[in-house]
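Novice: Okay, here's the structure, questions in a sec.
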Amino acid sequence: MSSLNLGQRPADDAGYLEAMTAVVFMGGLNRQVVASKWEGFLTAFEGFDVAQVADFTDVDVERLSEDPSIVRYKAKIQATVENARQMHQLAQEHGSFSTWLGNLLEEKGVDETASELDARFKYMSKESSRRYLYAVGKEIGEVSDKVRRKYGPSEV
């Protein structure tokens, strides 16, 4: 059984999409609700393979919005597909999404990177983008205990 892994650097772009999807779906929900359905998310979104999810159609979004193995929030499901498309485009332009994100952080810093994520990705505000950066193991400065518990490594 796979679990929701946050607070560490993903091994590949699928891991970055997985973490972004977790942050998007945890908006307004607690971590346990989303984590309890994470196996379903992994299956529904093809292991978060960026190219595969980017190819999802409206039919796939409709199908997933009726899938009880995930959180059935149609707008966030659609956002995941659109976010995969954006990641796929950035990966094609920069070699990988990870490379693009690392370069952006190095050049612009946390605040401007969070603003750029907010501008490019659906359901990602500047604040949720900061949480996302933390969730993928980036140094963002001081974080509250609440953010650490929700978006950091699981406590075993």
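The values are calculated or read from the model by the stated rules, or taken from the named source; none is laboratory data. Owing to the predicted nature of the structure, the values given are computational and were not obtained by experimental measurement. Every residue, glycine among them, receives a Cβ derived from its backbone with ideal geometry; neighbour counts consider all protein chains shown.
Novice: Select, from Thr43, Thr57, Thr80, the only residue that is over 19 Å from Val23 (Cβ atoms) and under 16 Å from the mean Cα position of the chain (by Cα).
Specialist: Thr43
Novice: Additional query: Considering only helices (runs of 4 or more DSSP H) fully contained in the range 6-67, which possess at least 1 residues that are in contact with a Gly (Cβ under 7 Å, 6 or more places away or on another chain)? Spell out the reasoning first.
Specialist: Working: elements: 13-26, 31-35, 38-44, 50-54, 58-65.
So the answer is 13-26.
Novice: Now for a different question. Only residues in the range 127-156 that are among the small types (Gly, Ala, Ser) count as the first member; pair them with residues that are assigned to a loop (DSSP other than H, G, I, E, B) and buried (at least 19 other Cβ atoms within 10 Å of the Cβ), Cβ under 6 angstrom, at least 6 apart or cross-chain, and list the lot.
Specialist: Final answer for the pair search is Ala135/Leu6.
Novice: Another question, if that's okay. Given the condition farther than 23 Å from Phe45 by Cα, touching a Phe, Trp or Tyr at 6+ places or on another chain (Cβ under 9 Å) and at pLDDT 95 or above, answer yes or no: does some residue in the range 144-155 qualify?
Specialist: The answer is no, given that none of the residues of the range 144-155 is farther than 23 Å from Phe45 by Cα, touching a Phe, Trp or Tyr at 6+ places or on another chain (Cβ under 9 Å) and at pLDDT 95 or above.
Novice: Assuming Met87 fulfils every condition listed in (1) assigned to a helix (DSSP H, G or I); (2) without any contact (Cβ under 8 Å) to a residue 24 or more places away in the chain apart from one, which condition is it?
Specialist: (2)
Novice: Then there is this: Quick check: anything in the range 110-128 over 17 Å from Tyr16 (Cβ atoms), assigned to a loop (DSSP other than H, G, I, E, B) and more than 16 Å from the chain's Cα centre (by Cα)?
Specialist: no
Novice: Identify the residue in the range 83-98 that is of a type outside the set (A, V, I, L, M, F, W, C) and touching a helix residue (DSSP H, G or I) at 6+ places or on another chain (Cβ under 8 Å) and, among all such residues, is farthest from Asn5 (Cα to Cα).
Specialist: Among them, the one singled out is Glu93.
Novice: For the subset of the range 62-93 comprising residues that are farther than 23 Å from Ser129 by Cβ and in contact with a Lys or Arg (Cβ under 7 Å, 6 or more places away or on another chain), which member is surrounded by the fewest Cβ atoms within 10 Å (Cβ to Cβ)?
Specialist: From the range 62-93, those farther than 23 Å from Ser129 by Cβ are 62-69, 72; that's our starting set.
Filter again for in contact with a Lys or Arg (Cβ under 7 Å, 6 or more places away or on another chain), leaving 65-66, 69.
Details: Ser65: 15, Glu66: 9, Ser69: 14.
Result: Glu66.
Novice: In this structure, is Gly27 modelled with pLDDT under 95, surrounded by fewer than 20 Cβ atoms within 10 Å (Cβ to Cβ) and closer than 18 Å to Glu82 by Cα?
Specialist: Taking the combined requirement at face value, the residue satisfies it.
Novice: How many residues does the range 94-107 hold that are buried (at least 16 other Cβ atoms within 10 Å of the Cβ) and either outside any helix (DSSP H, G or I) or over 18 Å from the mean Cα position of the chain (by Cα) (or both)?
Specialist: Total meeting the criteria: 1.
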